[in-house]
Amino acid sequence: MDQLSTFLDSIPVLGVVFQLIGYLTATVPVIAPVFVAAAAPVALGALCGIMNERSGVVNIGIEGMMLSSAFTAFLVAALVAQAIGTGTPSPIFGATVPILVGLGAAILTGMLVSALHAWLSISIRADQIISGTIINILAFGLTSYLNRLIISPNPRLGAGIFQPLGLPSFLVDIPLIGWLFRGFLAHGPIAISVLILVAFLQIWLFRSRWGLRTRAVGEHPKAAETVGIDVIKLRYRNVILGGIFAGLAGAYLTLELSGSFQNNMTGGRGFIALAAVIFGRWTPLGAFGAALLFYSAEALRVAISLSPPVGDLGNVVRAIPPEFYGALPYALTLVVLVAAVGRSVPPAAVGKPYARETRA
Amino acid sequence: MSDAAVRPRQPFWRRGRVGQVFEVAAVPVASVVLALLVAALIILVSSFVTTGSIDWRLPLVAYGALLQGAFGSQSALLNTILQATPLVLGGLAVGVGFKAGLFNIGGQGQFLLAATAAAGVGAALATAPAPIAITASLLAGMLAGAAWGWIPGALKAFSGAHEVVTTIMLNSIAASVIGWLILGPLLAPGFSFGRTGDLGNSTLPIILGNNIHLGVVLAVAAVPIVWWLLFRSTLGFEIRSVGANPSAARYAGMRPRFLIMFTMSLSGLLFGIAGATEILGVSHFMIPSYGTSIGFDAIAVALLGRSHPFGIAAAALLFGALRAGAGLMQVLAGIPVEIVDVIQATILLFLAADIVVRRLFRIRAERGITEVQTMTSSYAGRAG
């Protein structure tokens, strides 16, 4: 076996590929948590996108929803911490009252901003892409303004972050599959909730009355209205509920990942989420898989910085400039998107404002 | 204005040529007024948050400082023009896209890549004769911008990937590419931080005051050129047709794929001029972390200007004035300059919710739809 791998690795050019495969199988268990941690906010954003687009509303504003939620999560948590102190963290996840209040504020913000998007795109019937863009610009402007006004002058502002779940060692040490537990469960509550929410929404969307109605409204609102579904109401409800996911994604960035707020800290994740929705064919499971795929590049970067590969592969890796890894998730998203579009069909009524009593 | 609706004969501002301008400009102007009122409210609230008491005069002080900083002196006025220059070019870039039903939100990447290309070529030709050096660096920037705009155009034309997602991805990729270029092949030795070399003869000449460079002339010239292209040339007619109704355009024998790629390249080219002139005329060298929000600002300009070149020029001057005056406002009234971003976004909010604005100001609805409302129709792989 060892001889075989040594032989394969020594083949010119192609050998590097085998070395890469060997390197990846060796490191993936170690860096598995990075995958999920990096993919969690994108997966949550994608769930928001699915809620919107399945009911026929395009949402380009996920980025702005995430950013504004990240901001209120941080600010509210910090202000509560300042007012009543952090108290003793709970044994699970290290949750404190301020962090939990901040989480609630983030969810509320996500819903509020979504309500604005719903109003603009459903009631006002503005172009939905313009509406989403305005939400992005508004979120960027307001958070930068308030950041400068409130957060920057008080550098000590902060409420700490959720702690990752401590897994019992017997679970992690199970051979072959132990790393899976570590990869998916050694996280804070929001990242873990992603797994539950993805499964939940997948079932809800395809196995429940609500799901059937939502998909009907997204595919053929006229037909849905004919059988007595209130299209406008259902779209409003789904867009606003979708805001919960964007809110969680924002809270994840400030209350679980970093513990601070920076301008534009979402860094395009809301848009990668949109690509994940398309590549995942408008299904929660597919979008989650897409998010994991997009951030495999990030995991690779961490792997290389933690344990640099040796041999020919090491030489290749050293020749690649570090900026390459920064661009990789976006490039991967781009390539995958180009390959997926056309083969994955969006809900038929997506982007079309619905007006009662008019011809379609 | 309110009793105009009941009068049988329309007042002069609703008739003829003036009436046409009024019909197009009424909602944008009303949106600007409303946004300034909302921002005044935000200023009041933030004064309460920071000081604990409401200073009712603060909005007046702030807007006074803003006006003074934008128009109060000759240098203020020139600064407004300087700030408006990239906004005119960017606004035209986004506006041209809107006319073709394309939404280029990748202006930032196109701008940054063009700026880097211009800085690199400019530094390489620092000792060449000025006309050659300047022309070559400008061309390098234009080409880089056009190429970076062409990519999402080609992706859309051939695979149907929507430009809203692809251009954003290309923005992030551009940030990495310029980081690699500036810290690698274009790195100038002998500085304490990573930057490109001195421009020497490639620097754009100053033509007015002490900061109005040749790029301002390019921006001013671009307005009528783009207007002519869009409204007086066959190509412009085709661009507008594809934007208004892709399938009708195809049946009429136009080439949507070519037009999509051409328009995105043109859009990138205009962002490229903006990037190149900002470097060659204002910053004089490029750094990896060069900060710009031109992509979003240009969208705001194009929307406020109704995608019309002359409207875009007016909107760019307004936003240029806001940016030029914001510095003085921060000094005199203690309002962070980021309030300009808030005003900008609020204007857009009112533009989108134009039904509300119309009701408030009793403005009649326009005839026909604006090209902006066709944007979403091409979303997610159903390109024309």
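Can you work out which of the residues in the stretch B:160-169 that are touching a residue at least 40 places away in the same chain (Cβ under 8 Å) and at the interface with chain A (Cβ under 7 Å from one of its Cβ atoms) is nearest to A:Gly351 (Cα to Cα)?
First, the residues of the stretch B:160-169 that are touching a residue at least 40 places away in the same chain (Cβ under 8 Å): B:160-164, B:166-168.
Filter once more, so that each one left must be at the interface with chain A (Cβ under 7 Å from one of its Cβ atoms): B:160-161, B:164, B:166, B:168.
Working: B:Gly160: 16, B:Ala161: 16, B:Val164: 14, B:Thr166: 18, B:Ile168: 20 Å.
Among them, the one singled out is B:Val164.
Which of the following residues is more than 30 Å from B:Ile355 (Cα to Cα), crowded, with 21+ Cβ neighbours inside 10 Å and more than 11 Å from chain B (Cβ to nearest Cβ): A:Ala78, A:Ala95, A:Ala118?
Checking each option against the conditions leaves just A:Ala78.
Can you go through B:Ala326, B:Ala316, B:Ala274 and tell me which one is modelled with pLDDT of 95 or more, more than 16 Å from B:Phe111 (Cα to Cα), part of a helix (DSSP H, G or I) and touching a helix residue (DSSP H, G or I) at 6+ places or on another chain (Cβ under 6 Å)? Explain how you work it out, then say what you get.
Details: B:Ala326 fails: modelled with pLDDT of 95 or more; B:Ala274 fails: more than 16 Å from B:Phe111 (Cα to Cα).
Only one candidate qualifies: B:Ala316.
For the stretch B:111-149, name all the residues that are more than 14 Å from chain A (Cβ to nearest Cβ) and not aliphatic (A, V, I, L, M).
Step one: list which residues in the stretch B:111-149 are more than 14 Å from chain A (Cβ to nearest Cβ), which gives B:111, B:114-115, B:117-147, B:149.
The answer is B:Phe111, B:Gly120, B:Gly122, B:Thr127, B:Pro129, B:Pro131, B:Thr135, B:Ser137, B:Gly141, B:Gly145, B:Gly149.
Considering the stretch A:281-312 alone, what residues qualify as being at positive phi and part of a helix (DSSP H, G or I)? So that I can check it myself, show each step before the final result.
Looking only at the stretch A:281-312, we keep the residues that are at positive phi, and these are A:281-282, A:311.
The answer is A:Gly311, and nothing else.
Please verify whether the stretch B:60-77 includes one or more residues that are over 19 Å from the mean Cα position of the chain (by Cα) and within 14 Å of chain A (Cβ to nearest Cβ).
So far as the stretch B:60-77 goes, yes, one or more of its residues are over 19 Å from the mean Cα position of the chain (by Cα) and within 14 Å of chain A (Cβ to nearest Cβ).
Please indicate, with yes or no, whether at least one residue in the stretch A:142-158 is hydrophobic (A, V, I, L, M, F, W, C), in a loop (DSSP other than H, G, I, E, B) and out of contact with any Pro (no Cβ under 8 Å at 6 or more places or on another chain).
Filtering the stretch A:142-158 down to residues hydrophobic (A, V, I, L, M, F, W, C) leaves A:142, A:146, A:149-151, A:157.
Remaining after also requiring in a loop (DSSP other than H, G, I, E, B): A:157.
In the following step, the residues that additionally are out of contact with any Pro (no Cβ under 8 Å at 6 or more places or on another chain) were identified as A:157.
Checked the stretch A:142-158: at least one residue is hydrophobic (A, V, I, L, M, F, W, C), in a loop (DSSP other than H, G, I, E, B) and out of contact with any Pro (no Cβ under 8 Å at 6 or more places or on another chain).
So which helices (runs of 4 or more DSSP H) are wholly in the stretch B:181-253 and hold at least 3 residues that are assigned by TED's automatic domain parsing to the domain that holds B:Ala313, closer than 23 Å to B:Val88 by Cα and of a type in the set (A, V, I, L, M, F, W, C)?
Values: elements: B:214-232, B:234-244, B:246-251.
Once the helices (runs of 4 or more DSSP H) in the stretch B:181-253 are filtered for at least 3 residues that are assigned by TED's automatic domain parsing to the domain that holds B:Ala313, closer than 23 Å to B:Val88 by Cα and of a type in the set (A, V, I, L, M, F, W, C), what remains is B:214-232, B:234-244.
Looking at the stretch A:129-152, is at least one residue small (Gly, Ala, Ser), within 18 Å of A:Leu255 (Cα to Cα) and surrounded by 17 or more Cβ atoms within 10 Å (Cβ to Cβ)? Explain how you work it out, then say what you get.
Let us first name the residues in the stretch A:129-152 that are small (Gly, Ala, Ser), namely A:131-132, A:139, A:141, A:144, A:152.
Subsequent filtering for residues that are within 18 Å of A:Leu255 (Cα to Cα) retains A:152.
Now narrow it down to the ones that are surrounded by 17 or more Cβ atoms within 10 Å (Cβ to Cβ): none.
Checked the stretch A:129-152: no residue is small (Gly, Ala, Ser), within 18 Å of A:Leu255 (Cα to Cα) and surrounded by 17 or more Cβ atoms within 10 Å (Cβ to Cβ).
Go through the residues of the stretch B:203-211 one by one and say whether even a single one is closer than 30 Å to B:Gly97 by Cα, at pLDDT 90 or above and either surrounded by fewer than 16 Cβ atoms within 10 Å (Cβ to Cβ) or within 14 Å of chain A (Cβ to nearest Cβ) (or both).
Checking the stretch B:203-211: not a single residue is closer than 30 Å to B:Gly97 by Cα, at pLDDT 90 or above and either surrounded by fewer than 16 Cβ atoms within 10 Å (Cβ to Cβ) or within 14 Å of chain A (Cβ to nearest Cβ) (or both).
Would you call A:Ser55 within 30 Å of A:Glu225 (Cα to Cα) and small (Gly, Ala, Ser)? Spell out how you get there, then give the answer.
Values: within 30 Å of A:Glu225 (Cα to Cα): yes; small (Gly, Ala, Ser): yes.
Yes: the conditions hold for A:Ser55.
What residue, among those in the stretch A:121-136 that are assigned to a helix (DSSP H, G or I) and more than 19 Å from B:Ala302 (Cα to Cα), is farthest from the other protein chains (Cβ to nearest Cβ)?
A:Ile122
For residues that are at pLDDT 80 or above and among the β-branched types (Val, Ile, Thr), scanning just the stretch A:167-214, find the one that is farthest from A:Ala251 (Cα to Cα).
Across the stretch A:167-214, the extreme among qualifying residues is A:Thr214.
For the stretch A:270-304, which residues satisfy the criterion of being more than 29 Å from A:Arg207 (Cα to Cα) and not small (Gly, Ala, Ser)?
A:Tyr295, A:Glu298, A:Leu300, A:Arg301, A:Val302, A:Ile304, listed by residue number.
Does the stretch A:298-308 contain at least one residue that is within 14 Å of chain B (Cβ to nearest Cβ) and touching a residue at least 40 places away in the same chain (Cβ under 8 Å)? Let's see the steps before the verdict.
Filtering the stretch A:298-308 for residues within 14 Å of chain B (Cβ to nearest Cβ) gives A:298, A:301.
So of that shortlist, the ones also touching a residue at least 40 places away in the same chain (Cβ under 8 Å) come out as A:298.
Scanning the stretch A:298-308, I find at least one residue that is within 14 Å of chain B (Cβ to nearest Cβ) and touching a residue at least 40 places away in the same chain (Cβ under 8 Å), so the answer is yes.
Has the stretch B:49-59 got at least one residue that is within 14 Å of another protein chain (Cβ to nearest Cβ) and among the polar types (S, T, N, Q)? First the steps, then the outcome.
Just the residues of the stretch B:49-59 that are within 14 Å of another protein chain (Cβ to nearest Cβ), to begin with: B:49-52, B:58.
When the remaining residues are screened for being among the polar types (S, T, N, Q), the result is B:50-51.
The answer is yes, given that some residue of the stretch B:49-59 is within 14 Å of another protein chain (Cβ to nearest Cβ) and among the polar types (S, T, N, Q).
Do you know which residues across the stretch A:313-342 are outside any helix (DSSP H, G or I) and either more than 9 Å from chain B (Cβ to nearest Cβ) or surrounded by 18 or more Cβ atoms within 10 Å (Cβ to Cβ) (or both)?
The answer is A:Ile320, A:Val341.
Confirm whether A:Ala348 is surrounded by fewer than 18 Cβ atoms within 10 Å (Cβ to Cβ) and either at pLDDT 80 or above or touching a strand residue (DSSP E or B) at 6+ places or on another chain (Cβ under 8 Å) (or both).
Values: surrounded by fewer than 18 Cβ atoms within 10 Å (Cβ to Cβ): yes; either at pLDDT 80 or above or touching a strand residue (DSSP E or B) at 6+ places or on another chain (Cβ under 8 Å) (or both): yes.
The answer is yes for A:Ala348.
I'd like the residue in the stretch A:38-67 that is closer than 20 Å to A:Ser193 by Cβ and of a type in the set (Gly, Ala, Ser) and, out of all such residues, is surrounded by the most Cβ atoms within 10 Å (Cβ to Cβ).
Restricting to residues being closer than 20 Å to A:Ser193 by Cβ and of a type in the set (Gly, Ala, Ser), the top hit is A:Ala46.
Against the conditions (1) within 12 Å of another protein chain (Cβ to nearest Cβ); (2) buried (at least 24 other Cβ atoms within 10 Å of the Cβ), where does A:Ala106 fall short? Just the number, please.
Checking A:Ala106 against (1) within 12 Å of another protein chain (Cβ to nearest Cβ); (2) buried (at least 24 other Cβ atoms within 10 Å of the Cβ), the one that fails is (1).
So, A:Ile272, is that one crowded, with 18+ Cβ neighbours inside 10 Å, without any contact (Cβ under 8 Å) to a residue 60 or more places away in the chain and under 24 Å from A:Phe184 (Cβ atoms) or not? Can you show your working first?
Working: crowded, with 18+ Cβ neighbours inside 10 Å: yes; without any contact (Cβ under 8 Å) to a residue 60 or more places away in the chain: no; under 24 Å from A:Phe184 (Cβ atoms): yes.
When the stated conditions are applied, A:Ile272 does not pass them.
Being over 23 Å from the mean Cα position of the chain (by Cα) and surrounded by fewer than 24 Cβ atoms within 10 Å (Cβ to Cβ) is the requirement here; does B:Leu139 meet it?
Details: over 23 Å from the mean Cα position of the chain (by Cα): no; surrounded by fewer than 24 Cβ atoms within 10 Å (Cβ to Cβ): yes.
In short, no.
Looking at (1) in contact with a Gly (Cβ under 7 Å, 6 or more places away or on another chain); (2) of a type in the set (Val, Ile, Thr); (3) part of a helix (DSSP H, G or I); (4) within 8 Å of another protein chain (Cβ to nearest Cβ), which is the one condition that is false for A:Ile278?
Just one mismatch for A:Ile278, condition (1).
For the stretch A:84-102, does any single residue satisfy the condition of being polar (S, T, N, Q) and modelled with pLDDT of 90 or more? Talk me through it step by step, then tell me what you get.
Residues of the stretch A:84-102 polar (S, T, N, Q): A:86, A:88, A:90, A:96.
This time we only want the ones that are modelled with pLDDT of 90 or more, so: none.
No, the stretch A:84-102 contains no residue that is polar (S, T, N, Q) and modelled with pLDDT of 90 or more.
Collect the residues in the stretch A:207-238 that are in contact (Cβ under 8 Å) with a residue 12 or more places away in the chain and closer than 18 Å to A:Trp282 by Cβ, keeping them in residue-number order. Can you show your working first?
Of the residues in the stretch A:207-238, the ones in contact (Cβ under 8 Å) with a residue 12 or more places away in the chain are A:213-222, A:225, A:229, A:231-232, A:234-236, A:238.
If the condition is that a residue be in contact (Cβ under 8 Å) with a residue 12 or more places away in the chain and closer than 18 Å to A:Trp282 by Cβ, then A:Arg213, A:Thr214, A:Arg215, A:Ala216, A:Val217, A:Gly218, A:Glu219, A:His220, A:Pro221, A:Leu234, A:Arg235, A:Asn238 are the ones that fit.
The values are calculated or read from the model by the stated rules, or taken from the named source; none is laboratory data. Nothing here was measured: the structure is a model prediction, and the numbers come from that model. Note that each Cβ is placed from the backbone with ideal geometry, even for glycine, and that neighbours are counted across all protein chains shown.
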